[in-house]
Amino acid sequence: MSAPSSKPTVTEREARQVAEAAREQDWRKPSFAKELFLGRFRLDLIHPHPLPAAEDSRRGEEFLAKLRVFCETQIDAARIEREARIPDEVISGLKEIGALGMKIDTKYGGLGLTQVYYNKALALAGSACPAVGVLLSAHQSIGVPQPLKLFGTDEQKAEFLPRCARTAISAFLLTEPDVGSDPARLATSAVPDGDSYVVDGVKLWTTNGVIADLLVVMARVPKSEGHKGGITAFVVETDSPGITVENRNAFMGLRGIENGVTRFHQVRVPAANRIGPEGAGLKIALTTLNTGRLSLPASCVAAGKWCLKIAREWSAAREQWGRPIAEHEAVGAKISFIAATTFALEAVLDLSSQMADEDRNDIRIEGALAKLFSSEMGWLMADELVQIRGGRGFETAESLAARGEKAVPAEQVLRDLRINRIFEGSTEIMHLLIAREAVDAHLKVAGDLIDPDKSLQDKAKAGANAGVFYAKWLPKLVAGTGQLPGTYGEFRHGIDLSRHLRYVERNARKLARSTFYAMSRWQGRMETKQGFLGRIVDIGAELFAMSAVCVRAELLRTQGDHGREAYQLADAFCEQSRIRVEELFGRLWTNTDDIDHKVVKGVMGGAYTWLEEGIVDPSGEGPWIADASDGPSKVENVHRTIN
C-alpha cells in the first residue's frame, strides 16, 4: 500500500496550533519555576532540599562504584576520539554491568535507579568519554524505555523493557531533513492497513540509530474512517524489512556517536506497537523530554568538574612573570567563574532530579531551564578553560602527547559540548517553549483578548476574567518579603546568603511586572518579540539557579559536608549571577532588536552582498536540504548490530 508522498503544507498559525495541542494544558502539581515567573517566590517548594531515600542511595552508590571501575579500566577515550567509534567490546561491557537498564524498573530486569543517580551515572560515564554518555542517555532518556514507562501498555512493557535493560539499544526518531523544531510539517507517514501500519519516510540525526535494535518513530497517520490520525508514536524493530540506515553522520564533536539517516520504505509495524492513541505522538515526545532533558545538564556538570580540575592543576604549574597564573587576576576570575558555575549546575541538576523522583512538583519548566542554563554555561566554562590553557588549549591531546606533554583534551571538550546548545531543543527554541509556559497563566485569563478568531462576546468575557485576576495579582507585585532585612535568616552562617534570596524574591516580582507590561504593550505581537522573551527566560534561569545554589549550600552545611566552602561558592555564583541579571533587565528595554530587524531585511534582500566580496567559498556542491522523497533506498545499509 503506497503512502502519500507530498509533504504537509502548514501556515505559521497551524504550526502553533499543533505545538499548543501537544503541550500539557493543566498544572495539577505546584511548580517552583512557574511561580517564580509569576512573581511568587515559593522557597517552601525547594527548601529544605529534598533527599533520596536511603535504599535508593545505597543502590545508586553501589552501581556508581561498579561503573567507575568500568570507566577507568575499559574505556579508552583517546581511542574513541581517534577512531570515531565506541568499540563493540565497550558497548558489550556496558550491557553486562546493566548500564542499559539504569532507569528501567527492576521487575523488567533493570537497575531501577532514581533520576538523581541515573544522572550521576551519566555524568561519570560522560566524563570518561562524552560519546559513551550520549549512547546511554539517548537509549534511556528519550529512547524506548522512557516513553514506554510513561505511556506504554503492560504488554508493551513486558515485551520490550527486558530487552532494553540488557541487550537492545534504542533510538528516538523525530527529526527529518526538512523538519526540525516545527513538527507540524512532519512528513513520515504511517498508513493503517489491517492490524498494521505501513511506514514511509526519512529520519535525520538518529542518535544510536546506526546500531539500534529498537526505535521510537514519530509518524503521521492520515485521518480516515475509524482512525483519528495525527502524529503518532511507534516502537519499531530495526531489522524490519524496508529499513535502511543510509549514512553514519560525522560531527565536529562527539565523534564516537552512532548517529545516522534512516529510511523507511513500506515498513510494516504491528498496531500493537503503537504507543498511546493516534495523534498523541507529540504529547508523548514532549512529556518524555520533561525529564529526558536532564541528561544534558548531567554531561555539562561532568564537563564543569573536569574543567575545574584541569584549570586548578594547570594554573598552579604554569608561571608567568614570576607567579603561578592563578595569582593573576585575569586568570583567577576565569577560575572563579568555572568553580562557582560548576557548583550551580550541580545544584540545579540535583534539585530538579530529586523533584522529578519525588513527583510532588511539576518540573516541566525546571527541566527545561536546567537544560537551557547548563548547555549555555557549560560551553562558556569549556571556552574559558581553553583560554586559560592558551595555545595548549587549542592543541589536540594527541599532539600534546606526541611532544611529551600531558594529553589534555581541552579543545575536544569544547567541541563535544557545543551540540548541547542544539540537542533536544536549541537555545532559541527552549526560550520560546519556556516563555510559553511562563505566560500560561496570563493566556488562560486574557488569551481570548488577543486571539483574532474569538468573538466580541468571548473577548468581553475574557476581559472580565482578566480584570478579576489582575486586580488580585498586580498589587502583590509591589512589595514582598525580599524587602524585609531579616527574611531567610536561616541562610546566614558566617557568609550571608539570605540577601541573595531576598534579591531573588524582589526580582521575581520585577520579572513578572516586566512580563505584564510587555503583554499590555504588544498584546498579540508578543510572540514575535523573541529577543525580549529570551531575556525574560534567561532572567528566570538565573533566579532559579541562585535559589538552587543557596538551598544546596544550606543542605551541605547541615550535613557537615563542606558547608563553609559551599557557602563561599554559592555566594560567588550569586554575585556573578546578579551582574548578569541586571544586564538582562537593562536589555529588556534598551537593545538593538529593531535595528537588527532592519539589517536582517537588508541582508536577506541582497542589499549587502557587496560585503561578501573578496573571499572564496570552500563549500561543496549540493542542495541545502537533502531530498527525502519516499521510495526504496538506493544505497548500502550501514546499520550494524552489537552482539
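The values are calculated or read from the model by the stated rules, or taken from the named source; none is laboratory data. This one's a predicted model, so the numbers in the text were calculated from it and none came from an experiment. Every residue, glycine among them, receives a Cβ derived from its backbone with ideal geometry; neighbour counts consider all protein chains shown. When the accessible area is computed, the model is the full protein with side chains, heavy atoms only, and any ligands, DNA or RNA have been set aside. Shrake-Rupley method; radii C 1.70, N 1.55, O 1.52, S 1.80 Å.
Values as computed for the structure displayed
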read-out	value
Cβ-Cβ under 7 Å pairs, at least 6 apart or on other chains, the range 248-262 side under 19 Å from ARG79 (Cα atoms), far side open to solvent by 10 Å² or more (accessible area, probe 1.4 Å) and of a type in the set (Phe, Trp, Tyr)	ASN249/TRP205; ASN259/TRP205
Those helices (runs of 4 or more DSSP H) lying entirely in the range 104-155 with at least 2 residues buried (at least 24 other Cβ atoms within 10 Å of the Cβ), among the β-branched types (Val, Ile, Thr) and touching a residue at least 40 places away in the same chain (Cβ under 8 Å)	130-137
From PRO241, PRO277, residue being open to solvent by 20 Å² or more (accessible area, probe 1.4 Å), assigned to a loop (DSSP other than H, G, I, E, B) and closer than 25 Å to ALA21 by Cα	PRO277
Check on TYR503, touching a residue at least 12 places away in the same chain (Cβ under 8 Å), buried (at least 17 other Cβ atoms within 10 Å of the Cβ) and in contact with a strand residue (DSSP E or B) (Cβ under 7 Å, 6 or more places away or on another chain)	no
Members of the range 164-201 that are farther than 30 Å from THR106 by Cα, touching an Asp or Glu at 6+ places or on another chain (Cβ under 7 Å) and open to solvent by less than 10 Å² (accessible area, probe 1.4 Å)	ALA184, LEU186, THR188, SER189, ASP200, GLY201
Check on ALA347, buried (at least 24 other Cβ atoms within 10 Å of the Cβ), farther than 30 Å from PHE234 by Cβ, in contact (Cβ under 8 Å) with a residue 60 or more places away in the chain and touching a helix residue (DSSP H, G or I) at 6+ places or on another chain (Cβ under 9 Å)	yes
Considering residues of the range 457-489 that are open to solvent by 70 Å² or more (accessible area, probe 1.4 Å) and either assigned to a loop (DSSP other than H, G, I, E, B) or in contact (Cβ under 8 Å) with a residue 60 or more places away in the chain (or both) only, the residue farthest from ARG513 (Cα to Cα)	PRO485
Single unsatisfied condition, ALA607 versus (1) over 31 Å from the mean Cα position of the chain (by Cα); (2) modelled with pLDDT under 95	(2)
Near pairs, Cβ below 7 angstrom, 6+ apart or cross-chain, from the range 34-49 (over 17 Å from LYS472 (Cα atoms)) to any residue that is crowded, with 17+ Cβ neighbours inside 10 Å and β-branched (Val, Ile, Thr)	LYS34/ILE365; ILE46/VAL551; HIS47/VAL551; HIS49/VAL551
Candidate set from the range 357-373 (those that are assigned to a helix (DSSP H, G or I) and aliphatic (A, V, I, L, M)); member that is surrounded by the fewest Cβ atoms within 10 Å (Cβ to Cβ)	ALA368
Selected residue (only one of GLU384, GLU405, GLU376, GLU411 is among the charged types (D, E, K, R) and either without any contact (Cβ under 8 Å) to a residue 24 or more places away in the chain or outside any helix (DSSP H, G or I) (or both))	GLU405
Criterion: in a loop (DSSP other than H, G, I, E, B) and touching a residue at least 12 places away in the same chain (Cβ under 8 Å) - qualifying residue of ILE86, ILE91, ILE80	ILE86
When residues of the range 414-445 are limited to those that are in a helix (DSSP H, G or I) and of a type in the set (Val, Ile, Thr), the one farthest from ALA298 (Cα to Cα)	VAL445
Number of the condition not met by ILE211 [criteria: (1) among the β-branched types (Val, Ile, Thr); (2) part of a loop (DSSP other than H, G, I, E, B); (3) open to solvent by 10 Å² or more (accessible area, probe 1.4 Å)]	(3)
